[in-house]
Structure formats: C-alpha cells, structure tokens
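J.: Sharing a structure, written as structure tokens. Questions coming.
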Amino acid sequence: MISLDDVTWTYPHADAASLRHVDLHVTPSEFVVVCGASGSGKSTVLRLMNGLIPHFHEEGTLTGSVAVDGLVTVAAELDEIGMVTGTVLQHPRRQFFADTVREEIAFAMENFGLPPEVIRARVASAVAGLATGVPVAQRLQRLSGGQQQQVAIAASAAHGPRVLLLDEPSSNLSVDAVRRLTATLADLKAQGVTIVVAEHRLRYLQQLADRIVVMRDGTIDAQWSAADFRAVPDEILAREGLRGRIRTADLPALPAAGASVSNAVLASEVPAAALELSGVRCRLGGRTVLDIERAGFAAGEVTAIRGVNGAGKSTLARIITGLQRSAGQVRLDGRTLGRRARQRASAIVMQDVQRQLFTDSVAAEIALAAAEAPHPPDTAAVLAALDLAHLAERHPLSLSGGQQQRLVVAAVRVSERQIVIFDEPSSGVDRRHLQSISDQIRQIAGDGAVVLLVSHDEDLLALAADRQLTLTRL
C-alpha cells in the first residue's frame, strides 16, 4: 500500500538531510505508528506519503522512490494522491478551507466530485459522531483547538480514503476526546483503512497498532510488533525519547467561584492573590463560553487549567493576556489592568506557535524577546537548557514542531513578564524535552511570575503544576 525505498530528503537551505536512506513498507489495512524524538523525521515521513514532498516542498532534494496505493508520488498529480489519502495536520486550523463544520466535512468530497446524495449522507453521519463533543453549529474559528482537531479528523476521512495519515492527533485532546479518537480509529481500521500515525503519546494506541516504527536522526532506529511494544521496558522507551506509562497529576484544587468552575466555592471563600479575576464573563458567537465570578492565582506557583475541550481554557488565557474582550476585572497586585496593560504585563505560549515566530533565526527570536526584559537571563543558557543552542542560526520556520514549541518557551522565559501562560506547550514534544520544558515552567514561577498552564498532558502536569483550576463547558 505504501512504499518508501531508499528515500533521502533534504529541505531547501538545510545543512543536513531530514531523512537518510529510509526503507519503510506499509501493507494494506496495517496500522503503523511512527514515533521518535522531536526532529527525528516523523512529520517528514507523512509529507512523503501524502505527496506534499515534493509537490509542495518543491525546492528540496529527494532521492529514492515513494509509492502510495500504486501511485508514484513524484509522477502523480497531488489531487490523485489526495483522493486515496486523508491527512490530519498537527495544527488543524492550517488545513481548513471552510467556515463551518458541515462545509469543511463536505469540502474534499465536493472537490472530488462525489454525488450530492453521498455527500449529504456522509456529512450527516460525521456531524452526528461529532455532536457529543463539538458544538457543530459554531463557526470553526470559534471552536477550541481540540474541537478543531476532531473536525479535521472527520473531514479527512469523509471522502473514504484508503490511507489515513495523522500527525500528533492527540496533542490538544482532552481525555474524553482521546477516547473518541481511539474509537474512531478502531472503526476505520475495522473498515480496512491503512493508517499511519506520527505520535509521541503511544499508550492510547497500543491496542490498535500493528507495528511501531522508531525514528532517530532521520533514520529508522527500531521496529516493534504490537506484542513487542507492550513488553518494552520503560528505560528503553526513555532512551528513544518516547513517552512511557501515563502518570496521573493529582493536584489540589484552586478555590474559585463561577458557573464555569467545576466544584465551585462561594466567592467569599476565594482568598486574595497576586492575580485576581472578578466577574469575568465572555460571550462568543452568541453564547457564553466563560463565566468566572472570582478566582485568584498566586505568584511563584504554577496553576494547571484543566477541563474538556471547549470548556473555555484558551479563552481564559486570551482574556488574562488582553487578547480577548470580556466583561469583568483583572487585577495584578491590587491594580486593575485594562487590555493594553495586560498585554504589556503578560506572555503566552500559544497552541500554534508558528503564529509567534517573527524573525529569521533562533538567536534573533530570543534577542527580540529579551529586548525589553528588566533583567534578561543568560539567553545562551536558556537555549542550551532547551536543546536549541545548536540551532541558533536556523530559521525558526525550518524547525520541527517540537523545536518551535521549545523556542517559544525559551522566548517567554527570557521576556521576564509578570504573568506567563502556557497553552498546551507540550504539543509535539518528546519525553526528554518534556522534562526541560517543565523545568523552564518551574523556573519562571520560581522567578516570581504568576504562571498558568493550560494542558491535557498528564505527564507535564505531574511534573510542573502545583494546583489546578478545572473548568466545565457551559
């Protein structure tokens, strides 16, 4: 079904090949997980399979051959490859073409000329499957990152591709959404779809995967059958930079009041703190998406913001950092801050960090972030701690997703803002770098900042957080 034969690929202007002499063959209906440390070549493998290499990345250098369902990707048209493959990107908003859930699911089928009655039936079926976790009547841009990811998966599978390719599909999903993802993938596997998943979080796939392919520095380092993988000891997974058993973050609750707060207390029971929210309410698309009567976040601590997809976690982050209008007050050290003042006092690591990269090199990105810091830390030491020092002259957009994530974490660290929010900062991050990111989060709090950590990643929360505020969907 899929054949990569002696494939070497070098991105334009790169100093070294991203893949070197890769041989990988996937049989029809096989479920293969491609894993490995950040920057090992996982996403590049998927781009070869869906034809983005070489049809989109035209200026790189490709040797060897790639074939998918009998199509030699170099010779085939991109729409021919798209008919037999479906792709879910790590950041799904980059692949949306429509404005609503129904239109997005129908988009590919309309382009491929499927009969209208088939399109209507498949859209109705996909929407029904999404309805339990996604407000399908909302515009796509109003959905949370995790909800957008669920829509992207439904849209990519709707035209009935024989091959489905997914890049970090669980990265922004809550526990209940991961369960739905697992069930969806199980259904597609049962239908005979060939599935390739690039992923760091492996345990949720261990009952589905037929084979685990481990990448290291652009080559295949190991391959395990499903039975072999279940028997691999944790120290071997650690050596490969892979996530092992999922730990549980058992954190004390932050006292808070409001309709959005799970297990809310009375407003009078919420203690004073460095950062205080009072009567914060936000409406988007004609509905209330966040309602916090009172909450307080201490300086020097890391507060985890938890909850299902669509509970308002990212909305809360945008309000505190002044990026989203809302009712109510936000106070820092007793002083009420307007949106502009909040923007100057805060920093955020977004889910899609490419939107936060502005310069032409890693070193320049860090220098820009540190330019207005009152007492900038040793930027070289921060880059070294996050394993970025050797990439100092690379263009930020040439980095892997995990490397970009770590770069923005480094930039936030050197900016020395009083309020720092991390919104899913471990997306695309391997086991070793998960520890370095958690160390930086702890250090920022140790420097006296108010730190909020929005995440579904139990591993990260167990490493970095002190307490938790759990939000519920309104």
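Each reported figure results from applying straightforward, stated rules to the coordinates on display, with no laboratory input. A quick note: this is a predicted structure, and the numbers were derived from the prediction, not measured. Here the Cβ is made from the backbone with ideal geometry for all residues, glycine too, and neighbour counts use every protein chain on show.
J.: So how compact is the stretch 322-446: Cα radius of gyration and Dmax in angstrom?
T.: 14.7, 45
J.: So, one more: Can you tell me the Rg and Dmax of the stretch 1-121, counting just the alpha carbons, in angstroms?
T.: Both quantities, over Cα of the stretch 1-121: 15.9, 51 Å.
J.: Under 20 °C and 1.002 mPa s, how fast does the stretch 256-470 diffuse according to Stokes-Einstein, given a Kirkwood radius computed over C-alpha pairs? Answer in µm²/s, whole number.
T.: Numbers: Rh = 17.5 Å.
D = 123 µm²/s.
J.: Can you pull the Rg over Rh of the stretch 2-239, Cα-only, Kirkwood?
T.: 0.96
J.: Under a Cβ-Cβ cut-off of 9 Å, what is the net charge of the residues other than Gly145 that fall near it, where Lys and Arg count +1 and Asp and Glu count -1?
T.: Details: positive: Arg93; negative: Asp352, Asp423, Glu424.
After counting each charged neighbour, the total is -2.
J.: Ok, one more. Using a Förster distance of 45 angstrom, determine the FRET efficiency expected from the C-beta separation of Ser268 and Ser65, and round it to 0.05.
T.: Details: r = 70 Å, r/R0 = 1.55.
The value I calculate is 0.05.
J.: Find which of Ala298, Gln206, Leu386 sits farthest along the positive direction of the dipole of the chain, computed with +1 on the beta-carbon of Lys and Arg, -1 on that of Asp and Glu, about the Cα centre.
T.: Ala298
J.: Here is a follow-up. Let's see if you can work this out: charge +1 on each Lys and Arg Cβ, -1 on each Asp and Glu Cβ, no other charges. What is the dipole magnitude of the stretch 3-71 about its Cα centre, in debye to the nearest 20?
T.: Values: 3 positive and 8 negative charges, 40 e Å.
With only Lys, Arg, Asp and Glu charged at Cβ, the dipole is about 200 debye.
J.: Suppose every Lys and Arg Cβ carries +1 and every Asp and Glu Cβ carries -1, with no other charges. What dipole size does the chain come out with about its Cα centre, to the nearest 20 debye?
T.: On the way: 47 positive and 52 negative charges, 380 e Å.
With only Lys, Arg, Asp and Glu charged at Cβ, the dipole is about 1820 debye.
J.: To continue, here is another question. Picking from Gln468, Gly285, Ser438, whose Cα lies most toward the positive end of the charge dipole for the stretch 256-470 (charges on Cβ: Lys, Arg +1; Asp, Glu -1)?
T.: Of the candidates, Gly285 comes out farthest on the positive side.
J.: If you don't mind, there's one more thing I want to ask. Which order do the peptides 320-333, 182-195, 287-300 take when ranked by the mean count of other beta-carbon atoms within 10 Å per residue, highest first?
T.: On the way: 320-333: 17.9, 182-195: 16.1, 287-300: 20.0.
Going by the mean number of other Cβ atoms within 10 Å, highest first, we get 287-300, 320-333, 182-195.
J.: Over the stretch 344-474, what is the relative contact order in whole percent, taking alpha-carbon pairs under 8 Å and six or more residues apart?
T.: Values: 186 pairs, mean separation 38.4, N = 131.
Over the stretch 344-474, the number comes to 29 percent.
J.: Cα atoms only, the chain: Rg and Dmax in Å?
T.: Cα-based Rg and Dmax for the chain come out at 22.4, 69 Å.
J.: So what is Rg over Rh here for the stretch 188-333, counting just Cα atoms and using Kirkwood for Rh?
T.: Numbers: Rg = 21.9 Å, Rh = 19.1 Å.
The Rg/Rh ratio comes out at 1.14.
J.: State the Kirkwood hydrodynamic radius of the stretch 103-162 in Å, one decimal place, computed from all pairs of distinct Cα atoms. Please report the intermediate quantities before stating the final value.
T.: Working: mean 1/r = 0.0855 Å⁻¹.
Its Kirkwood hydrodynamic radius stands at 11.7 Å.
J.: Expressed as a whole number of Å, what is the distance separating the alpha-carbon centroids of the stretch 364-430 and the stretch 272-300?
T.: 28 Å
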